Amino acid sequence: MIKHYLTLIAFLTLHNAVSAQEIKGVVRDSTGSSISHATIMLFSLPDTVQINYTITDLEGRFNMKPINESDYLLYVSIIGYKSQYVRANDFQIITMEQEMTSIDGVVVRGFRPISKITANGVQTIVANTVLSDMGSGNDVLKRIPMVTGNNGNFGVFGRGKAKIYINNREVRDPSEIDNLNSKDIQSVEVISSPGARFDATAVAVIHIKTIKQQGDGFSFNLRSSFYTWENQDYINQINTNYRRKRLDIFANAYYSNTTTIQKGNVSQITTIDTLWKQNSYIDTKLYRNNLNGTLGANFQADDNNIFGFRYDIKTTPFVNLGSTYFTSNVYANNMLFDKWNNNEITKKENRANSQVSLYYAGKIKKTSIDFNVDYMNSGSISHNTNIEKSELEGDRVLHSTSNIDNELLAAKLQLSHPIFNGELLIGTEYVNIERLDKYINNELTHYSSKVGISEQNFALFSQYQKQTKIGNFSVGVRYENAAYDYFVDDIITNDKNRKYGQLFPSASYSNRFGEINVQLTYDSKVVRPSYEQLSNNIIYGNKFTIQTGNPYLKPSIIHTGSLIGIFKFIQAQVSYTHQKDAIVLWIDRYEKDPKISLINYRNIAELPKLSAFISIEPKFGIWRPRLSGGVQRFWQNYREYGIDLDMNEPQFYVALSNTFDLPYNFLVNIDAAYISKGYGPTIYSYKDALSLDFDISKYFINKTLQVKLGVSDITNVSSANLTIMPQTELKNIYYFGNRKVWLTFRYYFNSTNSRYKGVGAGRDAINRL
């Protein structure tokens, strides 16, 4: 109290007249992360009478109205930080210092949970925690509550695949996540109910915020990785950055040479006038190489305005090869009908895929502006040779070619402005896409096709957020108008063209009740069919199996309500999703020959789902465990589609992540995950799966060199699925050869992050291409 009293006396001697309109500010910690629910008291000077008080919102912001134009004093306090007296200004940034107490010579730091609810979702602090020593962005995301996946492809439990952003720029290349140094990450925000400012296809968002780097000069970081077990893979990359005053230039290069292995047994039963059964063994290897480059620059015109561009190019220096060895025994009415031995060889050439991005982020008075333009041109050509050997029908060789061309132009503008003590966001987005698919089968010419798709998508969106005494409220709405023109052999097909005009509302409420933080959300989203799903091309598999798309597919509308709660180191979520016109994998009979299975897609009337998740993350000395568990259950009724089967068995997920923070800069991770049997849409996983990973890392040379040794997928996880369709039962079990011993070296010289601030445009369309 004596210290606080002397601080107050010192401020009484200072005069700082404040306008009578309002006092605003932001409260942050030493890493720049916002601090919510801090108490702000307003005192008048010189009589030190308390005249108002408030708490910071989920973004750390506050505002209060003074009585008149005079001098005022702010008192800021929150558990775990040193309280502060601050002279009141019209706008100010208040940085809180972590509180430390000495007890018998032991320094005890103030406790602050690493996860907190924000206005958009749940934010996990990475800076100054053990997560910052994990190595890469991949290693961090794997240990964030509710996040599932790996290698740049991540999802949110109960919601699906997530769009990933780094500083408001969407990640398009999964290697960017692995390339990101964990020490440069400030926080990770998981948004399980994205609002109106995100496109209507974003069912979940992961937003990575990096620490703002200071200083000028040249920096780079290198990475080299080697993986071995059944095959050998390697990845090399270099990232460079140069800063000079307000200019930031960056250039990156990434090369990978990898092999994917898939082995499995497949059983297919078809019941028509004859009972057909096909037992097959499949052995597939895909050899890929990629060389990617990035060049970009940012220019900070002043404190409120920044411009930038980014150019990405992706190439394959060598042809990507694929080989599939396929053997089958075919039975008709339980009598051996034929034996097949197939060998399919694929050569795929990716044309140099280019993307140019331009952006402006600035502020004019109180209005913030974000403007982005993207152009992309991509394509590929694949040559297939299928050598078939049949005891009944003899041998034959089939040749086919698949050619894909894409072009995209997109633009996005959004404005935000404070109004009625809240923030109003409005914006618009436009996307134009042209795609052409050509498939030529030299021998089976009736499978050949040429299909074009032209898409125009225009969106308007608005979102309003306001902090009140009873909590934080946010409401938004997005309107999207999408038009699809479908061409066959360069002739427009009016019966397949589609136009949609749809509204997507969203809302959220969040508050703190004692030590419990809660958030209640609702959002409406859409799942648009990919261009592959819409394509009429028929892809030949074997004599009994072909695959195609469905140009009559409709977009699927999703309504989701979620409740999230955080109590100390415990986080939980429950959500209910209702999906209308859900797009599911389907198997029909080929009209020209009913014994041939035609794999395609269709819409079903509805697909409800309930999911629940809990994460417990305590700390015991050097051991930091995280126990997670989840369950999801679909309500599926396919009887009207000819499937008389109960497909509602829930699926469970349990994961235990263990981190041991050892002396001398050693870090050990032991991770295990279990997925039970259960139903997904039209598919039953009939085998439990257990995975186990281990790695150990150490820093050298003042933490500029990291060496990491690990073993992934020690149990060699398999995937076992059963698909039951009218007249067809398809059962498979696959092994993917993901077990590997690996070694990674990372070296950082004066490491920094690019300050590219573009949020990007047309991201859903880019992903679907």
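Computed values, structure above
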quantity: Gain on full stretching of the segment that runs from residue 640 to residue 231 - 0.36 nm per residue minus C-alpha separation; calculated: 142.6 nm
quantity: Most to least packed among 452-463, 126-137, 417-428 [average Cβ atoms within 10 Å]; calculated: 126-137, 452-463, 417-428
quantity: Residue-by-residue Karplus 3J(HN,Hα) for the stretch 496-508, coefficients 6.51, -1.76, 1.60, Hz, glycine and proline x; calculated: 9, 6, 9, 9, 9, x, 9, 9, 10, x, 8, 7, 8
quantity: Paramagnetic reach from residue 385 in the stretch 302-331 [backbone N under 13 Å; point 7 Å along Cα→Cβ]; calculated: 322-324
quantity: Theoretical ellipticity at 222 nm over the chain - DSSP helices of four or more residues, -39500 (n - 2.57) apiece, nearest 500; calculated: -1000 deg cm²/dmol
quantity: Where labels lie 7 Å past Cα in the beta-carbon direction, separation of residue 702 and residue 481 in nm; calculated: 6.0
quantity: At R0 = 45 Å, FRET efficiency that the Cβ-Cβ distance of residue 224 and residue 52 yields, to 0.05; calculated: 0.20
quantity: Förster-model FRET efficiency, 30 Å R0, residue 569 and residue 468, C-beta, rounded to 0.05; calculated: 0.60
quantity: Residue-count net charge about residue 338 - beta-carbon cut-off 14 Å; Lys, Arg +1, Asp, Glu -1; calculated: +2
quantity: Reachable aspartates and glutamates, given that their alpha-carbon falls under 14 Å from the alpha-carbon of residue 438 and they are not under 8 places away in the same chain; calculated: 405, 489, 490, 532
quantity: Cross-link reach list, lysines versus residue 82, counting only Cα pairs under 22 Å and skipping chain neighbours closer than eight places; calculated: 3, 24, 116, 568
quantity: Spread of Cα-to-Cα distances over 5 Å intervals beginning at zero, given as percent, for the stretch 687-746; calculated: 4, 15, 17, 12, 12, 10, 9, 7, 5, 4, 2, 2, 1, 0
quantity: Packing-based exposure ordering (other Cβ within 10 Å, fewest first) of 499, 609, 82; calculated: 499, 82, 609
quantity: Binned Cα-Cα distances of the stretch 269-317, short to long, each 10 Å bin given as a whole percent; calculated: 16, 18, 16, 13, 14, 11, 9, 2
quantity: Loop-located trypsin sites (Lys or Arg not before Pro) in the stretch 183-236, at most 15 other Cβ atoms within 10 Å (DSSP); calculated: 212
quantity: Gain in span if fully extended, residue 445 to residue 683, counting 0.36 nm per residue against the direct Cα distance; calculated: 82.4 nm
quantity: Linear extension gain, residue 674 paired with residue 337, 0.36 nm per residue minus alpha-carbon span; calculated: 117.3 nm
quantity: Gyration tensor (alpha-carbon) shape descriptor, the stretch 638-728, a/c threshold 1.5; calculated: prolate
quantity: Gap separating the Cα centres of the stretch 184-209 and the stretch 346-388, nearest whole Å; calculated: 20
quantity: Cα-only Debye scattering, the chain: base-10 log of I(q)/I(0) at q = 0.10 Å⁻¹; calculated: -1.17
quantity: Spatial separation of Cα centroids for the stretch 533-585 and the stretch 603-672, in angstrom; calculated: 18
quantity: Of 499/525; 525/609; 163/412; 554/677; 554/595; 142/708, pairs whose Cα-Cα distance is over 20 Å; calculated: 554/677; 554/595
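Every number here is computed from the coordinates shown, using simple stated rules; none is lab data. No experiment lies behind these values; they were computed from the predicted model shown. A quick note on method: Cβ atoms are made from the backbone with ideal geometry, for glycine too, and the neighbour counts reach across all protein chains shown.
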